[in-house]
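Chemist: My questions all concern the structure below.
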There are 2 protein chains.
Amino acid sequence: MKSGGRLYGIGVGPGDPELLTLKALRLLRAAPVVAYQSASDRPSIARGIVSQYLTGNQIEVLYHLPRALEPEKAKSIYDQAVEPIAAHLAVGRDVVVLCEGDPFFYGSFMYLFTRLSDQYETEVVPGISSVMASPVALGLPFTYYTDILTVLPAPLPAEVLITQLLATDAAAIIKLGRHFTKVRDILHQLGLASRAKYIERATTSQQRIVPLDEVNPDEVPYFSMIVIPTKNKL
Amino acid sequence: MKSGGRLYGIGVGPGDPELLTLKALRLLRAAPVVAYQSASDRPSIARGIVSQYLTGNQIEVLYHLPRALEPEKAKSIYDQAVEPIAAHLAVGRDVVVLCEGDPFFYGSFMYLFTRLSDQYETEVVPGISSVMASPVALGLPFTYYTDILTVLPAPLPAEVLITQLLATDAAAIIKLGRHFTKVRDILHQLGLASRAKYIERATTSQQRIVPLDEVNPDEVPYFSMIVIPTKNKL
């Protein structure tokens with residue numbers, strides 16, 4: 001029997017506060033402690049999504065994390081980040097950890113889960129991933145019937161991206177950032193550029209949809225995506 | 001300027017009624033007409049998920065649809081299914097169409113979208129897909145950092161499944177049904193059986209998690225999945 005507080009990892013979705021689930025909202029409002037990350041010197045995106053739902057009587061725990069962190073470096077940072085969260089759990093306080101998108105799908109919560117779930121009762125609430133929200137925001141039916149979908153992080157080597165794109169029906173290329181030009185050139189090379197649609201910060205108030213060849217490669221944020229929907233006709 | 005009612009395609013998530021989004025709930029409760037599908041002679045799964053949220057004053061439109069329908073056959077069935085929905089839209093009534101999971105991710109709403117969105121104002125609300133909910137229900141961190149995720153429908157030929165599984169970091173094999181034995185044998189052949197976890201009807205009151213080699217192939221439902229999480233260590 002585990003003792004102490006309960007740990008909740010809740011997906012807060014891609015950006016629109018209305019895309020929180022009812023379950024995430026209930027757990028968020030009931031928790032005495034709310035934890036979230038941000039990149040250094042920037043406000044937390046996850047906290048921004050849920051700010052209107054916070055009760056005003058909650059303890060908040062912030063931990064800083066560099067963007068696009070390499071796994072080896074992440075380990076020591078998460079070892080430290082875990083400590084104030086574990087301290088609340090140890091004295092019996094429940095802690096909700098906010099996670100953009102879905103906690104187990106490229107989500108930062110996984111690092112906390114592996115460190116704390118053996119010791120404390122843990123519950124995870126799935127969230128709307130930007131991989132689901134972006135095709136909807138673009139008005140593009142994404143996959144159907146026996147389509148294969150491949151989710152490809154843009155930092156992968158060009159030859160890996162090419163091989164994968166040639167073998168799939170639909171794709172989401174995520175984490176574009178400074179890898180945008182490489183990806184755009186590959187899409188032209190493969191004849192996929194006309195089907196590929198670019199979107200950044202889907203469902204937020206700063207959402208932008210830009211034609212692929214009009215995107216300024218110097219201004220592509222980490223939270224951007226290229227969606228290649230199925231070409232199969234419905 | 002389009003006239004008539006507004007068409008909403010809303011994802012109702014994988015099964016747990018609390019995994020509806022706040023936006024889906026708001027639109028659902030405001031709509032005078034609610035439409036949903038079911039397999040012949042069975043209650044609608046999507047309606048079951050939201051039944052507690054219906055106001056009691058809503059017109060309901062049901063259309064029947066065979067499971068695992070081939071696209072060519074689907075076309076004529078959807079041509080017919082669209083008619084009562086279009087009739088409500090034509091006289092100015094908003095219609096919410098319920099969709100299990102996410103509307104544009106293997107969702108039945110895409111067939112309605114392609115037939116009606118040119119004529120009527122249409123809004124789509126993303127939902128939690130079982131592909132996101134199943135790793136969470138299994139307690140398996142799914143993908144991180146530069147992992148590739150591949151979503152594979154089980155009806156695909158064995159050689160396609162093998163090629164794809166060899167080239168990816170993480171996978172969800174969906175729509176198992178009568179294709180279970182083929183998939184299980186492939187997973188053993190590729191040395192993936194120990195990492196592969198089986199779940200059916202994730203997040204519903206009938207959710208079942210069964211060790212891969214203890215699954216009865218004759219009783220595998222369409223709403224089942226095998227999750228292969230990343231092997232990369234966090």
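The values are calculated or read from the model by the stated rules, or taken from the named source; none is laboratory data. Fair warning: this is a prediction, and the values are worked out from it, not measured in the lab. As a convention, Cβ positions derive from the backbone with ideal geometry for all residues, glycine included, and neighbour counts pool all protein chains shown. Just so you know, the surface numbers come from the protein's heavy atoms only, side chains and all, with ligands and any DNA or RNA stripped out. Shrake-Rupley method; radii C 1.70, N 1.55, O 1.52, S 1.80 Å.
Chemist: Being in a strand (DSSP E or B), touching an Asp or Glu at 6+ places or on another chain (Cβ under 6 Å) and among the small types (Gly, Ala, Ser) is the filter here, so list the residues in the range A:1-23 that pass it.
Modeler: The one that is in a strand (DSSP E or B), touching an Asp or Glu at 6+ places or on another chain (Cβ under 6 Å) and among the small types (Gly, Ala, Ser): A:11.
Chemist: Looking at the range B:1-23, which of its residues are within 13 Å of another protein chain (Cβ to nearest Cβ) and open to solvent by 20 Å² or more (accessible area, probe 1.4 Å)?
Modeler: Within the range B:1-23, B:8, B:14, B:16, B:17, B:18, B:22, B:23 meet the criteria.
Chemist: So, one more: Counting only residues that are in contact (Cβ under 8 Å) with a residue 60 or more places away in the chain, of a type in the set (Gly, Ala, Ser) and open to solvent by less than 60 Å² (accessible area, probe 1.4 Å), how many does the range A:72-101 have?
Modeler: Residues in the range A:72-101 being in contact (Cβ under 8 Å) with a residue 60 or more places away in the chain, of a type in the set (Gly, Ala, Ser) and open to solvent by less than 60 Å² (accessible area, probe 1.4 Å): 2 in total.
Chemist: Check B:151, B:131, B:136 and return the single one that is under 22 Å from residue B:100 (Cα atoms) and open to solvent by 10 Å² or more (accessible area, probe 1.4 Å).
Modeler: B:136
Chemist: Got at least one residue in the range B:88-103 being in contact with a Cys (Cβ under 7 Å, 6 or more places away or on another chain) and of a type in the set (Gly, Ala, Ser)?
Modeler: no
Chemist: Touching a Leu at 6+ places or on another chain (Cβ under 8 Å), closer than 18 Å to residue A:120 by Cβ and away from chain B (no Cβ under 14 Å), is that true of residue A:54?
Modeler: no
Chemist: Could you check the range A:1-45 and list, in sequence order, the residues that are polar (S, T, N, Q) and in contact with a strand residue (DSSP E or B) (Cβ under 8 Å, 6 or more places away or on another chain)?
Modeler: Residues satisfying the conditions are A:21, A:37, A:38, A:40, A:44.
Chemist: Considering only residues of the range A:196-234 that are buried (at least 17 other Cβ atoms within 10 Å of the Cβ) and without any contact (Cβ under 8 Å) to a residue 40 or more places away in the chain, which is farthest from residue A:162 (Cα to Cα)?
Modeler: The extreme case among them is A:200.
Chemist: Pull up the range B:46-71, narrow it to residues that are in contact with a strand residue (DSSP E or B) (Cβ under 9 Å, 6 or more places away or on another chain), part of a loop (DSSP other than H, G, I, E, B) and more than 17 Å from residue B:12 (Cα to Cα), then point me to the one that is least open to solvent (accessible area, probe 1.4 Å).
Modeler: Applying the filter and picking the extreme gives B:65.
Chemist: Taking the range A:118-127 on its own, how many of its residues are closer than 22 Å to residue A:38 by Cβ and away from every other protein chain (no Cβ under 11 Å)?
Modeler: 0
Chemist: Of these, A:165, A:156, which one is out of contact with any Cys (no Cβ under 8 Å at 6 or more places or on another chain) and in contact (Cβ under 8 Å) with a residue 40 or more places away in the chain?
Modeler: A:165
Chemist: Also, I was wondering about something else. Does the range A:178-189 contain any residue that is under 19 Å from residue B:149 (Cα atoms), in contact with a strand residue (DSSP E or B) (Cβ under 6 Å, 6 or more places away or on another chain) and open to solvent by 10 Å² or more (accessible area, probe 1.4 Å)?
Modeler: no
Chemist: Kindly provide the set of residues from the range B:84-117 that are assigned to a loop (DSSP other than H, G, I, E, B), within 13 Å of another protein chain (Cβ to nearest Cβ), more than 21 Å from residue B:53 (Cβ to Cβ) and at pLDDT 95 or above, ordered by number.
Modeler: B:104, B:117
Chemist: Across the range A:24-45, what is the total count of residues that are buried (at least 23 other Cβ atoms within 10 Å of the Cβ) and in a helix (DSSP H, G or I)?
Modeler: The number of residues fulfilling the criteria is 1.
Chemist: Hey, another quick one. Could you list, in sequence order, the residues of the range A:24-37 that are more than 14 Å from chain B (Cβ to nearest Cβ) and of a type in the set (A, V, I, L, M)?
Modeler: Hits for the range A:24-37 are A:31, A:33, A:34, A:35.
Chemist: Of everything in the range A:102-125, what is under 27 Å from residue A:224 (Cα atoms) and open to solvent by less than 10 Å² (accessible area, probe 1.4 Å)? Give them in sequence order.
Modeler: A:102, A:103, A:104, A:107, A:109, A:110, A:112, A:125
Chemist: Output the number of the condition that residue B:167 fails; it satisfies all remaining conditions of (1) farther than 30 Å from residue B:18 by Cα; (2) surrounded by 24 or more Cβ atoms within 10 Å (Cβ to Cβ).
Modeler: (2)
Chemist: Please return the ranges of helices (runs of 4 or more DSSP H) entirely within the range A:128-212 where 1 or more residues are within 11 Å of another protein chain (Cβ to nearest Cβ) and among the hydrophobic types (A, V, I, L, M, F, W, C).
Modeler: So the answer is A:130-138, A:158-166.
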